[in-house]
Amino acid sequence: MGEEANNSQTFQVVVVGAGIGGLAAAISCLRGGCEVVVLEKAPEISPIGAGIQIPPNAARVLQHFGLEQEIRDAGAIQVKANHLKRYKDGKILCTRLGGQKMIDEFNGPWFVIHRADYHGVLLEETVRLGGKLRTNAEVVDINYAQERPVVVLQTGETIEADVVVGADGLWSGVRDIVLGEPSPPIPTGDLAYRGTFSRAQLEAFNDPSVNELIDSRCTYNWMGPDRHSVFYPVKDCTAFNLVLIRPDNLPPGSRTALGDIDEMRMTYEGWDPVLAKIISCHDNVMKWKLCHREELTTWVKNNVVVLGDACHPTLPYQAQGAAMAVEDGLVLGLLLGRLRSTDALPEQEKKAHINSVLKLFEGLRKKRTTTNVKGAIANRVMFHMHDGPEQEARDCELAEVDWVKPCRWGWADPGYQKKMLGFDSVADTNNAFNRWVTENGTANQQESVNGDMRRPSCTLCSRVGSQCVFPTKRKRPERIHDSNPRPRKKHTKAHLENLPEDAIERLMVLINADLHSGKHSSLSTERTTADLSTETSSSQSPPEDPQSAPEPCDGRDVINLSHLTTNEPHPDSFHQGLIDAETGIQELMPWEFQNGISPLPDIYFQEGNFNTDDLPYLNVRSPAPPPGAQAVPSPQQDSRHGENSGSSPVSAQVTPNAEAMMDGEAKSYQLTVADSMLRELVNIFFDKVAAFLPIFHRPRFYGQYLSDYHGKEGTSCRRLNLESALILNGVMSLSARFSQSPQFENMPPTTRGDQFAKQAQSIYADATRFQGDEAPTLRYLQGCILLAFYHNTNHSNSFGWTLTGVCTRLAYDLGLNTVDDGIDCQSGSCSPQWTSTDDWIIREEFRRAWWSVWELDTFASTVARRPYTIDRNTIQVLLPASDEHWFEGTPVASTLIGSTPATAWKSLRGSPNQDERAWFLVANYLMALAYDLMTRKDVSTRAKAEMENSLTCFGLSLPEHFRLTNPRFVFNDANFARSNWIIATNIILQSARTYGALTLCVPSDGASSASQSPGSVRSVPEDQDTSSLKCIQHAHDVVRAINVWSPD
């Protein structure tokens, strides 16, 4: 057997799928002393596929298996070099040397081989080691709830095992069982032509350029707009493999099809004449739709695990797909073999640790495979560039590669290549197992198992004095905060056939109503967390204002997810409400936006409390400063806008309204609130609210408003101008609900800010009555933003909608939409973004005001299903940097959002600005584009593919800590805002994917469709099952993201 075998009890392993990854897992498990059965649903094992590359990291796996010579004997060629070529003339842009240099640098050769030959070597080794191969054995179910999982075949036969390994590829059924839900792959927007032909066909050209290629024993990659091609020898250079990647034109639901030779040749018309000759050798060709899957939440369910393409399918842009699968197989077998043979665990305990070892396997492999998937996406960007400045910069960079200095393209970056090609799977696995067994071995079990013969008690049960129920197997905890969680149901095609006819329409309505209504969107559109807290703490004190209770907008159905909330009051509950209001922001513009002011929605005229006196408040000019009123000085004057960049305070009392004093025809305002109360509410605003409404520079705000803010007998009684009064009342209206002051003791948290908001609204009314001809000011806009956020997050009403339009016009009057006009972030090097630190701080305050207005406009228009006021195509505003950098005065370069899906998704790629809110804004923008595409008629297939591909790329490009599989979400005073932005970004992305899934099933390019209202969801004429599965999957992903939120 293998080097790990001994007299320990054996593990019985069932491998589902006899592909390259499945056979590698079988070999590794057999070498570790396990009994292995491989189940293959095909009636027989027959040679399929074309060429495949074996990079050094995969070659070392074969060396570990003792199969290097067998691979060479099967016709593998050791590559001398990998070349990148220009598509038009075949000019070599960059070369990565192979041969002995590759071995010296990465401890392994780079091979190319025919897939059938590679597969044959692995299959023969599996049988030689004693593995049992069963064909025509399709797995239809796995019962994983028992002590040992039971595999159910299509014939009804059952097979019991200690471990079940799902290696059944991209369309994995085992993956669906592990996840508990359907998980169909997602098209990438590309397809591949694959084929091989003989050496004699190429030699017949008698062309020296062609002969040079076929004699070189190298791989060649022609890179061009939206496509690329890869050429290399197989079968000991007697045959050659050609892969051509191009935009996908296969119908939805189709995986492969026989290709049209003429179409293939026309696709590459105008490319290198040498490549054209090679292409002409094809007499038949297959088309393969390229699909992928997002990173899974888990690879393990009890003693069932998935590997290879079943859990991390990789696009063929990095030659690492099969390599990752064989690494998976090696690592899994090593871990099971080490567990079986270790002396650190009692023999009878080993099988109880299988689940823990499978999770160790997942932890070891997930980060590496994710890095690989991202690298493949990055290569696609590099390979498929259109001609232009970016392509020219790429070619120059590649020409200067010396394999010593770093390169921004991973393909040519020595550090990245060392990480991918030089990785030692065996050493990494053995080190990890040694650490694991130290933590779980005999020394740690002695006292609890061999000493007092009792299972250990967990920390939680010990702390609360409860009896700990210790299972014999470790189960992955469900992330559901319900006291009575319901088991997940597997959604099959039969389930879909039984869905109501309007299921998809209702699903979209529910998603929009729940995520975009602004009523604590992540938890419930019926009640906010603060409302639940009020019900618990003040059950006998109903809200004084009957209009304060949130209602679903538009009379749409709502989904009740209140079981996901906590019924205990918590001071942070409003934060989730704020962030949820922001996750509801959706941008509905098409690629080419039509300008226009959003009309006042009919819904607001239907409300009983609509006041027609609000209509004149659409006037957006700033008020004239009251004569004699004190204006808080601003530290810096922005010459660009002639506007004070600082912020200003307001005035209000806790019980009575602020006192207004008339000076001529204008008012000034007196703040009679206690100094201690003012300080408390301002502190609360920056601690609890400003993270989600970051429009004020905290150090400057404190310096202007709190440094010497003392009046007679501890009260603040100075006279303030209108702008200062508006801002301070707005600040206190948003922060009052968090105050623990006795003065708010008998008031529900949700109504504590009403008195300040009403005073701010009165001040705003004064502004519209006494305005002069003065230009708008940033401070007045900031006050309006505060008041608009209060009304949009607390009570959706006509005044909130109206004030949102006012904020938008003020932002345009201030020129905020072009605050960064002239800054070029599209080329390799960005033009300077600041002249001094003060200049950057001031510009950043303008940017933040703009993006806050942008969120208001998007939120209000989305909820009301009305056109947007803001023209997204004319935004020249950099994405905001982090609060930390802004407050510390540390300038950080940022970037603009691209105007199309293909440019928007990569806006933050490579940018020094990696703030979580910036990523959220990009996700929001993409969701808006996806929604708009869904509501348009006659959408081209290319536009649909661009949208889906962009969403896919954006999801894969998110930083590692944005993964919902990351268990380290922290909800404390320092990190709760970041965690909330991360979760909100995931929710927005999944909503965008839902829109994209529906768009793909709508007729394209002039196909007829029934007329419908702009906000309606169109019917799905074809491929409804696939669309339904995707929508259900994305809806599940939304709920899964919601479940990650802290129960507090």
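Before moving on, here are some points about what is shown:
- Selection within the range 328-381: residues that are closer than 20 Å to HIS292 by Cβ and of a type in the set (D, E, K, R). The member of this set that is farthest from the chain's Cα centre (by Cα) is ASP328.
- The single condition among (1) of a type outside the set (S, T, N, Q); (2) under 24 Å from PRO182 (Cβ atoms); (3) modelled with pLDDT under 80 that ILE988 does not satisfy is (3).
- Given (1) more than 30 Å from LEU879 (Cα to Cα); (2) of a type outside the set (Asp, Glu); (3) modelled with pLDDT under 50; (4) surrounded by 22 or more Cβ atoms within 10 Å (Cβ to Cβ), index of the condition VAL673 fails: (3)
- Meets criteria (among the aliphatic types (A, V, I, L, M) and buried (at least 16 other Cβ atoms within 10 Å of the Cβ)) for VAL152: no
- Residue match in the range 69-87 (condition: closer than 27 Å to GLY422 by Cβ, out of contact with any strand residue (DSSP E or B) (no Cβ under 7 Å at 6 or more places or on another chain), aliphatic (A, V, I, L, M) and surrounded by fewer than 24 Cβ atoms within 10 Å (Cβ to Cβ)): no
- In the range 99-113, residue farthest from ASP73 (Cα to Cα) [restricted to those that are of a type outside the set (Val, Ile, Thr) and in contact with a helix residue (DSSP H, G or I) (Cβ under 9 Å, 6 or more places away or on another chain)]: GLU105
Here is a yes/no grid of residues against (1) of a type in the set (A, V, I, L, M); (2) modelled with pLDDT of 95 or more:
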site: GLU3; (1), (2): no, no
site: THR10; (1), (2): no, no
site: ALA25; (1), (2): yes, yes
site: VAL36; (1), (2): yes, yes
site: LEU39; (1), (2): yes, yes
site: PRO56; (1), (2): no, yes
site: GLY75; (1), (2): no, no
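- Some residue of the range 937-947 being crowded, with 24+ Cβ neighbours inside 10 Å and part of a loop (DSSP other than H, G, I, E, B): no
- The single condition among (1) within 18 Å of ILE52 (Cβ to Cβ); (2) crowded, with 21+ Cβ neighbours inside 10 Å; (3) of a type outside the set (S, T, N, Q); (4) in contact with a Lys or Arg (Cβ under 7 Å, 6 or more places away or on another chain) that VAL306 does not satisfy is (1).
- So PHE433, is it in a loop (DSSP other than H, G, I, E, B) and within 29 Å of ASP328 (Cβ to Cβ): no
- Checklist (1) within 18 Å of ASN303 (Cα to Cα); (2) surrounded by fewer than 21 Cβ atoms within 10 Å (Cβ to Cβ) applied to ASP226, failing item: (1)
- Single residue of ASP236, ASP262 found to be among the acidic types (Asp, Glu), surrounded by fewer than 20 Cβ atoms within 10 Å (Cβ to Cβ) and either farther than 29 Å from ALA81 by Cβ or outside the structural domain of ILE71 (by TED's automatic domain parsing) (or both): ASP262
- Residue list for the range 425-445, restricted to those being at pLDDT 90 or above and among the hydroxyl-bearing types (Ser, Thr, Tyr): SER425, THR429
- Qualifying residue in the range 890-900 (condition: part of a loop (DSSP other than H, G, I, E, B) and within 29 Å of ARG368 (Cβ to Cβ)): yes
- Counting the residues of the range 860-871 that are surrounded by fewer than 24 Cβ atoms within 10 Å (Cβ to Cβ) and either in a helix (DSSP H, G or I) or free of Cβ contacts under 8 Å to residues at least 60 places away in the same chain (or both) gives 1.
- Any hit, the range 265-287, residues being over 27 Å from the mean Cα position of the chain (by Cα) and assigned to a strand (DSSP E or B): yes
- Residue count for the range 919-934 satisfying the condition of being in contact with a Pro (Cβ under 7 Å, 6 or more places away or on another chain), among the hydrophobic types (A, V, I, L, M, F, W, C) and more than 23 Å from GLY375 (Cβ to Cβ): 1.
- Test result for ARG917, outside any helix (DSSP H, G or I) and either closer than 16 Å to LEU878 by Cβ or among the aliphatic types (A, V, I, L, M) (or both): no
- Unique match (being at pLDDT below 90, more than 15 Å from ALA984 (Cα to Cα) and under 19 Å from the mean Cα position of the chain (by Cα)) among TYR925, TYR931: TYR931
- Segments classed as helices (runs of 4 or more DSSP H), wholly inside the range 163-241, with at least 3 members that are over 42 Å from the mean Cα position of the chain (by Cα): 199-203, 208-215
- Once the range 764-805 is narrowed to residues that are modelled with pLDDT under 85, in a helix (DSSP H, G or I) and aromatic (Phe, Trp, Tyr), the residue that is farthest from LEU693 (Cα to Cα) is PHE799.
The values are calculated or read from the model by the stated rules, or taken from the named source; none is laboratory data. This one's a predicted model, so the numbers in the text were calculated from it and none came from an experiment. Virtual Cβ from ideal backbone geometry, glycine too; neighbours counted across all protein chains shown.
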